[in-house]
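Q: Take a look at this one; I'll ask things after.
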Amino acid sequence: MSLDPLVITIIEALVKSIVVIVGLLTAFAYLTLVERYVVAKIQSRIGPNRVGAIGPIAVLQPIADALKMIFKEDIWPAQADQVAYTIAPGIAVGTALVAWAVIPLNPSLTIAGYKIDFYIADVNVALLYLLAIGSLGVYGIVLGGWSSNNKYSLLGALRSTAQMVSYEISLGLGLVGVLMISGSLSLVDIVQKQATVWNVVWQPLGLIVYFIAATAEINRLPFDLPEAETELVAGFATEYSSLKWALFYMAEYINMITISVIASTLFLGGYQGPFGILPGFHWLFLKIAFFIFVLMWIRYTFPRFRYDQLMRFGWKVLLPLALANIFVTAIVMVVLGR
């Protein structure tokens, strides 16, 4: 008995979704461990070396951290909006996960006459989809800060709103140059058109603008004003504990991987690699690892912006640079007749 093609497509999408989600959750867990070793090296410390240690590496530390979060007391503020307070962390994690639906991870393979595509969906507006999903992530932080009935949490949520609005514009404009060169909004098409020359050759400024704006979007230092511990206790997360706090933490790390894979896909050829030395996904993994390392390096190197500096940098530096990049790209394309 043969299955209906629609049923096969649905099953295939579900299997791919489960694989991606499990992979991201596992990557999140061990990314926290990697960051602790990176900061230990930067600050001349040892890092975790006790739980399940194999040599100098505590391979079971993420599992111990997860168990600690599960069994910590879950505190509920008495005057909080219980519904919004509960769903806010889920929104933050959910928006971080669903962005991966349109990202190609490897060239398509044909096994026993069956073609396997290493993406969940190839939509012709994938780039717009990523921008839309990225902008929804702020709702988790805003709802969490507002629903906690805490002034520090509310201030963190308000900062987050202003920060997201400021840097979302520059982030989107930083990707327009890639769209102009590729002539497509499909990430699959954009990757395939970088088979000979990566977009970063033509769009180095676009990559810089995107990466800085994306770092601000996920609230990583030096842009973590919504959660500035020295000013707001812990910002929007002040009233969260146990698993709900861990979900916000998870969203930040998954977003780190997401902006790294988007930068790799749009500017560095995605799974495309030179000379055919390694299979596709290996190249993508190395590119993602490079961007994640840069994010960690930045976090433990630069001090936090003041709020006025954050706004000034977004509107008076990044936005003009993004517009200038579009203007120059358009001129070059006209001159070259593309």
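Q: Based on what the data block shows, is PHE285 without any contact (Cβ under 8 Å) to a residue 24 or more places away in the chain, within 15 Å of the chain's Cα centre (by Cα) and either under 22 Å from ALA237 (Cβ atoms) or part of a helix (DSSP H, G or I) (or both)?
A: yes
Q: What are the pairs, 6+ residues apart or on separate chains, where a residue within the range 299-318 that is outside the structural domain of GLU35 (by TED's automatic domain parsing) has its Cβ under 7 Å from a residue that is at pLDDT 85 or above and β-branched (Val, Ile, Thr)?
A: Partner pairs satisfying both residue conditions: TYR300/VAL39; TYR300/ILE42; LEU318/VAL209; LEU318/ILE212.
Q: Listed residues VAL38, VAL83; which is β-branched (Val, Ile, Thr), farther than 20 Å from LEU286 by Cα and not in a loop (DSSP other than H, G, I, E, B)?
A: Result: VAL83 is the single residue among VAL38, VAL83 that is β-branched (Val, Ile, Thr), farther than 20 Å from LEU286 by Cα and not in a loop (DSSP other than H, G, I, E, B).
Q: Restricting attention to the range 282-331, which residues are out of contact with any helix residue (DSSP H, G or I) (no Cβ under 7 Å at 6 or more places or on another chain), modelled with pLDDT under 90 and surrounded by fewer than 16 Cβ atoms within 10 Å (Cβ to Cβ)?
A: Matches in the range 282-331: HIS282, THR301, PHE302, PRO303, ARG306, ASP308, GLN309.
Q: Would you list the helices (runs of 4 or more DSSP H) that sit entirely within the range 155-273 and hold 3 or more residues that are crowded, with 23+ Cβ neighbours inside 10 Å, at pLDDT below 90 and among the aromatic types (Phe, Trp, Tyr)?
A: It comes to none.
Q: May I pose another question? Which residue, of VAL123, VAL142, is β-branched (Val, Ile, Thr) and under 30 Å from GLY235 (Cα atoms)?
A: Checking each option against the conditions leaves just VAL142.
Q: Let me ask something else about it. Only one residue in VAL20, VAL15 is surrounded by 11 or more Cβ atoms within 10 Å (Cβ to Cβ) and in contact with a helix residue (DSSP H, G or I) (Cβ under 7 Å, 6 or more places away or on another chain), so which one is that?
A: One residue alone meets the criteria, VAL20.
Q: Same structure, new question: What's the total number of residues in the range 113-141 that are of a type in the set (A, V, I, L, M) and without any contact (Cβ under 8 Å) to a residue 24 or more places away in the chain?
A: The number of residues fulfilling the criteria is 2.
Q: Additional query: State yes or no: is SER44 out of contact with any Pro (no Cβ under 6 Å at 6 or more places or on another chain), under 28 Å from PHE285 (Cα atoms), surrounded by 12 or more Cβ atoms within 10 Å (Cβ to Cβ) and among the polar types (S, T, N, Q)?
A: Criteria not met by SER44.
Q: Considering each of PRO48, PRO77, PRO104, PRO56 in turn, give the residue that is closer than 20 Å to VAL19 by Cα and not aliphatic (A, V, I, L, M).
A: PRO104
Q: Here's another thing I want to ask about it. Taking ILE91 as meeting all but one of (1) in a helix (DSSP H, G or I); (2) hydrophobic (A, V, I, L, M, F, W, C); (3) modelled with pLDDT under 90; (4) over 16 Å from ILE257 (Cβ atoms), write down the number of the exception.
A: In the conditions (1) in a helix (DSSP H, G or I); (2) hydrophobic (A, V, I, L, M, F, W, C); (3) modelled with pLDDT under 90; (4) over 16 Å from ILE257 (Cβ atoms), ILE91 misses (3) alone.
Q: Quick one: is SER135 loosely packed, with under 14 Cβ neighbours inside 10 Å, at pLDDT below 90, polar (S, T, N, Q) and out of contact with any Leu (no Cβ under 8 Å at 6 or more places or on another chain)?
A: The answer is no for SER135.
Q: Mind listing whichever residues of the range 118-134 are more than 18 Å from the chain's Cα centre (by Cα) and small (Gly, Ala, Ser)?
A: ALA121 - this is the single residue of the range 118-134 that is more than 18 Å from the chain's Cα centre (by Cα) and small (Gly, Ala, Ser).
Q: Follow-up question, since we're still on this one. From the list GLY52, GLY23, GLY47, GLY90, pick out the single residue that is in the same structural domain as VAL191 (by TED's automatic domain parsing) and either free of Cβ contacts under 8 Å to residues at least 40 places away in the same chain or within 25 Å of the chain's Cα centre (by Cα) (or both).
A: Criteria check complete, one pass: GLY90.
Q: Which of (1) surrounded by fewer than 23 Cβ atoms within 10 Å (Cβ to Cβ); (2) not in a helix (DSSP H, G or I) does PRO104 not meet, given it meets every other one?
A: (1)
Q: So ALA157 fits all but one of (1) aliphatic (A, V, I, L, M); (2) within 17 Å of the chain's Cα centre (by Cα); (3) closer than 18 Å to GLY90 by Cα; what number is the exception?
A: (2)
Q: Something else about it: Go through the range 86-100 and count every residue that is among the small types (Gly, Ala, Ser) and surrounded by 19 or more Cβ atoms within 10 Å (Cβ to Cβ).
A: Total meeting the criteria: 4.
The values are calculated or read from the model by the stated rules, or taken from the named source; none is laboratory data. These figures come from a predicted structure and were not determined experimentally. Here the Cβ is made from the backbone with ideal geometry for all residues, glycine too, and neighbour counts use every protein chain on show.
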